[in-house]
Amino acid sequence: MNMNYKPNKFSKILKTLFSPYAILNHINSFFFKFKFKSCGRKFYAAFPLIVKNYQNIQIGNNFSSMGLTYLYADQGKIIIGDNCSINSNVQIGASVGKIIIGNNVLIGPNVVLRAANHGLKKSNLMKMQPHSYGEIIIEDDVWIGSNAVITSGVKISNGSVIAAGAVVTKSTDSYGIYAGVPAKKINERV
């Protein structure tokens, strides 16, 4: 046996493409694609993808998810545009509201988009509070960094960047860069 054998690039690619995990992800993606209200070409979702109410979710072309992605449409709507990439452990929860994600959007790991809020009256226990519902709109060419939170009633304008760990409670300006808790404009894309 030759101890100096080094696999070439082609064999490494084959090993990656045909690993059990890769095969599971491609099978997973194939079957999920047909459950949504609509889903474009080139849909890829790494395992696991957790979905509530497929019929209220529309996904465009060239969608990819790195796994442990939660799409909770419930009685609301989720609409995702073309060329969107979602990293791992991302939660997109419409509840009874609406979340619209434009084209060419990047979402980092551990991001939360939530179109509902709990009430805060001291006369009720927190778990008994009524909910309020709204919408989140993320326009085209947006990058949302890891661990960011986008709350109900927010519009992330075209070309915006949301820094890691930011909590966005107000709408943004186009091409603005936002950071902090709560998020504030710190710069602009040039």
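The values are calculated or read from the model by the stated rules, or taken from the named source; none is laboratory data. All values reported here derive from a predicted model rather than from experimental measurement. Counting neighbours? That spans all protein chains shown, and the Cβs are built from the backbone with ideal geometry, glycine included. Keep in mind that these areas ignore ligands, DNA and RNA; they rest on the heavy atoms of the full protein, side chains included. Shrake-Rupley method; radii C 1.70, N 1.55, O 1.52, S 1.80 Å.
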Helix 20-33 vs. the chain, principal-axis angle (Cα, 0 to 90°, nearest 10): 50 degrees
Carbon/sulfur fraction of accessible area - the chain, other protein chains in place, 1.4 Å, %: 59 percent
Highest-first arrangement of 173-180, 146-153, where packing means the average Cβ count within 10 Å: 146-153, 173-180
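Of the listed pairs Lys155/Lys184; Lys35/Lys127; Lys37/Lys98; Lys98/Lys127; Lys42/Lys170, which have alpha-carbon separations greater than 25 Å here?
Among Lys155/Lys184; Lys35/Lys127; Lys37/Lys98; Lys98/Lys127; Lys42/Lys170, the Cα-Cα distance tops 25 Å for Lys35/Lys127; Lys42/Lys170.
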Considering only the chain, percent of DSSP beta bridges that pair antiparallel, nearest 5: 15 percent
Volume per residue of the C-alpha convex hull in the chain, rounded to whole Å³: 163 Å³
Cα-centre dipole for the chain with unit charges at Cβ (Lys and Arg positive, Asp and Glu negative), debye to 20: 440 debye
Region 11-99 - charge dipole about Cα centre, Lys and Arg +1 at Cβ, Asp and Glu -1, debye rounded to 20: 180 debye
Cα centroid of region 23-44 to Cα centroid of region 136-190, whole Å: 29 Å
DSSP beta bridges in region 53-133 [antiparallel fraction, %, rounded to 5]: 15 percent
Three-way shape label, region 144-190, alpha-carbon gyration tensor, a/c 1.5: oblate
Solvent-accessible area per residue, Å², over the chain with all protein chains present [probe radius 1.4 Å]: 58 Å²
Distance between modelled label sites at Ser38 and Leu106, nm, 7 Å Cα→Cβ extension: 2.8 nm
222 nm mean residue ellipticity, helices alone, for the chain (DSSP H n ≥ 4; -39,500 (n - 2.57); rounded to 500): -3500 deg cm²/dmol
Ser174 versus Phe31: modelled label distance in nm, points set 7 Å from Cα along the beta carbon direction: 4.4 nm
